[in-house]
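Heads up, the thing below is written out as structure tokens.
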Amino acid sequence: MAILDPSLASPQSAEDFVGVLADPARATVAAHHIGIVVAHPDDETIGCGALLRRLDGATVVIVTDGAPRNPADARAHGFATTDAYAAKRFREMCEALHHVDPPGHHIIMLRLPDQTAAYRLADLTGAIYSLLTIRNLQIVLTHAYEGGHPDHDATAFAVHSAARTARGRGRPIAIFEMPFYRAEDGGCLRQSVVPEPEVSAIDLALTEEEQALKRRMLAAYVSQRETLAAFDTATERFRPAPDYNFATLPNGGQLLYERYDWGMDGRRWAGLARAALAELGLESA
């Protein structure tokens, strides 16, 4: 039987929450008030796969179906159609999460097409806000705003914007961010936070058992094997999220996604973000 840590019933801050999670006792925690909101199937495993086993009752939200509508992407992964590729990614996610499947986990798929979330920022914010409210979520783990993938940044935008809306209505939401990948001097840094003054990352050094669990979860994503091989399984990294201005480009303007044919560049992102902030009434937030 899992031992639940009652100290997390009403966490006071993101810092307190991470402090308890980093406890080497590694107790399972009652987590019905915790949400993990990520862009793609496999992002939940990269960001916090080992941690998930300890979050009893957490809500996991996957924003996209993981399958770009350009059929070339599906064909490159060995699938005849985009729908077949999306179905495979869903099955892989189910297999990965089966390894950390306490009975209380809730998995919600929003199923936006991969690489389109930035074009649905206001709608996505509304969907996330509804989930925060309906499920009474008080803490959310999500992507860092780092310019790695436009779906990642769009998901971060939506979580922060939904939390700002909730805050304006008297419901504070604590946000953790998880780094995935970003540009750095012509290269790519993985699982490294963009430096921010007065906000430090907290590393959870995984035990051998936790690392083995995470490797099994990653192995479930057969279609993403080559991509996932580059990610470290020794540490999971979190940081209380800074209060971003999403109309300003992340990572000092170094955008990894501009190197790829993912339908996004910095100018387009800034325009979409400004328009969504205006639509949501958050220009000055």
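The values are calculated or read from the model by the stated rules, or taken from the named source; none is laboratory data. As the structure is a computational prediction, the values presented were derived from the model and not from experiment. Cβ: placed from backbone, ideal geometry, glycine included. Neighbour counts: every protein chain shown.
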For this session: Please indicate, with yes or no, whether at least one residue in the stretch 167-182 is out of contact with any Leu (no Cβ under 8 Å at 6 or more places or on another chain), surrounded by 13 or more Cβ atoms within 10 Å (Cβ to Cβ) and hydroxyl-bearing (Ser, Thr, Tyr).
Result: no
Problem set entry | Selection from the stretch 198-226 of residues that are at pLDDT below 95, in contact with a Phe, Trp or Tyr (Cβ under 9 Å, 6 or more places away or on another chain) and not in a loop (DSSP other than H, G, I, E, B) | Ile202, Asp203, Leu204
For this session: State all residues of the stretch 227-285 that are assigned to a loop (DSSP other than H, G, I, E, B), under 20 Å from the mean Cα position of the chain (by Cα) and within 22 Å of Arg169 (Cα to Cα); if no residue qualifies, say none.
Result: Ala241, Pro242, Asp243, Tyr244, Asn245, Phe246
Exercise. Of these, Thr116, Thr64, Thr133, which one is modelled with pLDDT of 95 or more, of a type in the set (S, T, N, Q) and exposed (fewer than 15 other Cβ atoms within 10 Å of the Cβ)?
Worked result: Thr133
Exercise. Of all the strands (runs of 3 or more DSSP E) wholly in the stretch 132-192, which have at least 3 residues that are in contact (Cβ under 8 Å) with a residue 12 or more places away in the chain?
Worked result: 139-143, 174-178, 181-184
Exercise. Considering only residues of the stretch 80-92 that are touching a residue at least 60 places away in the same chain (Cβ under 8 Å) and touching a strand residue (DSSP E or B) at 6+ places or on another chain (Cβ under 8 Å), which is farthest from Arg215 (Cα to Cα)?
Worked result: Tyr85
Problem set entry | Cross-chain or 6+ apart pairs with Cβ under 8 Å, the stretch 255-267 first and over 12 Å from Ala118 (Cα atoms), then assigned to a helix (DSSP H, G or I) and modelled with pLDDT of 95 or more | Leu255/Gly266; Leu255/Trp269; Tyr257/Pro150; Glu258/Gly266
Exercise. Based on what the data block shows, is Ala122 aliphatic (A, V, I, L, M), out of contact with any Lys or Arg (no Cβ under 6 Å at 6 or more places or on another chain) and either over 30 Å from Pro172 (Cα atoms) or assigned to a loop (DSSP other than H, G, I, E, B) (or both)?
Worked result: no
